[in-house]
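Novice: My structure is below; once you've seen it, I'll send some questions.
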Amino acid sequence: MQIKFSKMHGLGNDFMVVDTVTQKVFFSTDLIKRLGDRHFGVGFDQLLLIEPPYNPDFDFHYRIFNQDGSEVQMCGNGARCFARYVLDHGLCAKREIKVSTMANELTLKVEDDGEVVVNMGVPVFEPAKIPCTFAQEQTHYQVKLDPEKSGGISELTVGAVSMGNPHMVTLVDDVDTCAIATLGPLLERHETFPEKVNVGFMQVLSRSEVKLRVFERGCGETMACGTGACAAAVVGMTQGLLDAKVKVHLPGGTLSISWQGKGKPVLMKGPATHVYEGVINV
């Protein structure tokens, strides 16, 4: 089987993008793992599939797979690359594109400057829908840890929200020195989150600016995470730390996030970069 693909990235969060509208391709879990390997395959954080719409009200359907082969509900950086791909490859002539995902609906708008604004939908705070096992919705939760495994930390204060996928956000004094390599894997698989969780480590610089690192479930730490940036901004806003528009600085670059409060959608703006076109025989 021959697969045509594009390699793209959003602030260093990198993707193998495959058009299944014009070519027939089947991806097994084993094949995704092999293609995702950075030494023996294409190498990526996520595989993005562009599919024909499942519903005539949409332009496309959007599927996301982590490099471990697991399918996930949402990827914000990938959504921006999705929009650039379908426009640049002539699959769609519109600059405002409506797509469905496993979790929700997205509207993607390619701006004149080439950056993409994504309507990420309304954040979900109800614990059962995130999902997590906290008894009731709060702005702050306490998560217990084993001090022997966490470097002496027995408890963390976190915020929790779903941006189409589950996120936990904790405040740190300095993202450059926080123990993400130790805490990330422990929190990703914490028993409180039955479907695992993306973990954000956020440093507040001002009411309109934060630094963020994200340990993504199924991937580990990535250069950038769009849903993670949205989750961090939303958690910071609900906790009274941030204003309605925030610059989120990730290792790979900066995203602009805006949110007008509960019941309103989160808007994310950032770049989408094409790296190369490829063909691989599998």
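Novice: Which of the residues that make up region 26-76 are of a type in the set (S, T, N, Q) and free of Cβ contacts under 8 Å to residues at least 60 places away in the same chain?
Specialist: Ser28, Thr29, Asn55
Novice: Please state which of the following conditions Lys33 fails to meet, knowing it meets all the rest: (1) part of a helix (DSSP H, G or I); (2) under 26 Å from Ile257 (Cβ atoms).
Specialist: (2)
Novice: Considering (1) aliphatic (A, V, I, L, M); (2) surrounded by 13 or more Cβ atoms within 10 Å (Cβ to Cβ); (3) out of contact with any Cys (no Cβ under 9 Å at 6 or more places or on another chain), say which one Ile64 fails and leave the rest.
Specialist: (3)
Novice: How many residues, within region 33-48, are buried (at least 22 other Cβ atoms within 10 Å of the Cβ) and of a type outside the set (D, E, K, R)?
Specialist: 6
Novice: Which one is farthest from Met16 (Cα to Cα) among residues in region 39-72 that are hydrophobic (A, V, I, L, M, F, W, C) and part of a loop (DSSP other than H, G, I, E, B)? Full working, then the answer.
Specialist: Initially, region 39-72 is screened for residues hydrophobic (A, V, I, L, M, F, W, C), giving 40, 42, 44, 47-50, 58, 60, 64-65, 72.
When the remaining residues are screened for being part of a loop (DSSP other than H, G, I, E, B), the result is 40, 42, 44, 58.
Numbers: Phe40: 14, Val42: 8, Phe44: 6, Phe58: 23 Å.
Out of the qualifying residues, it is Phe58.
Novice: Across region 201-239, which residue is nearest to Ser258 (Cα to Cα) among those that are out of contact with any Ser or Thr (no Cβ under 7 Å at 6 or more places or on another chain), hydroxyl-bearing (Ser, Thr, Tyr) and surrounded by 19 or more Cβ atoms within 10 Å (Cβ to Cβ)?
Specialist: For region 201-239, the residue satisfying everything is Thr227.
Novice: Residues to consider are Gly159, Gly152, Gly164; find the one that is of a type in the set (Gly, Ala, Ser) and farther than 20 Å from Thr227 by Cα.
Specialist: That would be Gly152, the only listed residue that is of a type in the set (Gly, Ala, Ser) and farther than 20 Å from Thr227 by Cα.
Novice: May I pose another question? Scan region 113-165 residue by residue and report those that are assigned by TED's automatic domain parsing to the domain that holds Glu71, touching a residue at least 12 places away in the same chain (Cβ under 8 Å) and more than 26 Å from Val72 (Cβ to Cβ).
Specialist: Gly114 - this is the single residue of region 113-165 that is assigned by TED's automatic domain parsing to the domain that holds Glu71, touching a residue at least 12 places away in the same chain (Cβ under 8 Å) and more than 26 Å from Val72 (Cβ to Cβ).
Novice: Those residues that are under 23 Å from Ala103 (Cα atoms) and touching a His at 6+ places or on another chain (Cβ under 9 Å), I need them from region 235-270; list them, please.
Specialist: The answer is Val235, Leu255.
Every residue, every condition in (1) over 25 Å from His140 (Cβ atoms); (2) at pLDDT 95 or above, yes or no:
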{"site": "Gly218", "(1), (2)": "yes, no"}
{"site": "Met223", "(1), (2)": "yes, no"}
{"site": "Ala232", "(1), (2)": "no, yes"}
{"site": "Gly236", "(1), (2)": "no, yes"}
{"site": "Leu241", "(1), (2)": "no, yes"}
{"site": "Ala244", "(1), (2)": "no, yes"}
{"site": "Thr254", "(1), (2)": "yes, yes"}
{"site": "Ile257", "(1), (2)": "no, yes"}
{"site": "Met268", "(1), (2)": "no, yes"}
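Novice: Also, quick follow-up: For residues that are under 14 Å from Ile130 (Cβ atoms) and over 15 Å from the mean Cα position of the chain (by Cα), tally how many sit in region 153-186.
Specialist: 2
Novice: Over 21 Å from Asn165 (Cα atoms) and touching a Lys or Arg at 6+ places or on another chain (Cβ under 9 Å) - does that describe any residue in region 217-236?
Specialist: Checked region 217-236: no residue is over 21 Å from Asn165 (Cα atoms) and touching a Lys or Arg at 6+ places or on another chain (Cβ under 9 Å).
Novice: Output the residue which, of all residues in region 1-25 that are without any contact (Cβ under 8 Å) to a residue 60 or more places away in the chain and surrounded by 12 or more Cβ atoms within 10 Å (Cβ to Cβ), is nearest to Leu250 (Cα to Cα).
Specialist: So the residue we want is Met16.
Novice: Taking region 90-128 on its own, how many of its residues are basic (Lys, Arg) and within 19 Å of the chain's Cα centre (by Cα)? First the steps, then the outcome.
Specialist: Step one: list which residues in region 90-128 are basic (Lys, Arg), which gives 94-95, 98, 109.
Then keep just the ones that are within 19 Å of the chain's Cα centre (by Cα); that gives 98, 109.
Residues in region 90-128 being basic (Lys, Arg) and within 19 Å of the chain's Cα centre (by Cα): 2 in total.
The values are calculated or read from the model by the stated rules, or taken from the named source; none is laboratory data. Everything numeric here is computed off the predicted structure, so don't read it as measured data. So basically every Cβ, Gly included, is an ideal-geometry build from the backbone, and we count neighbours across all protein chains shown.
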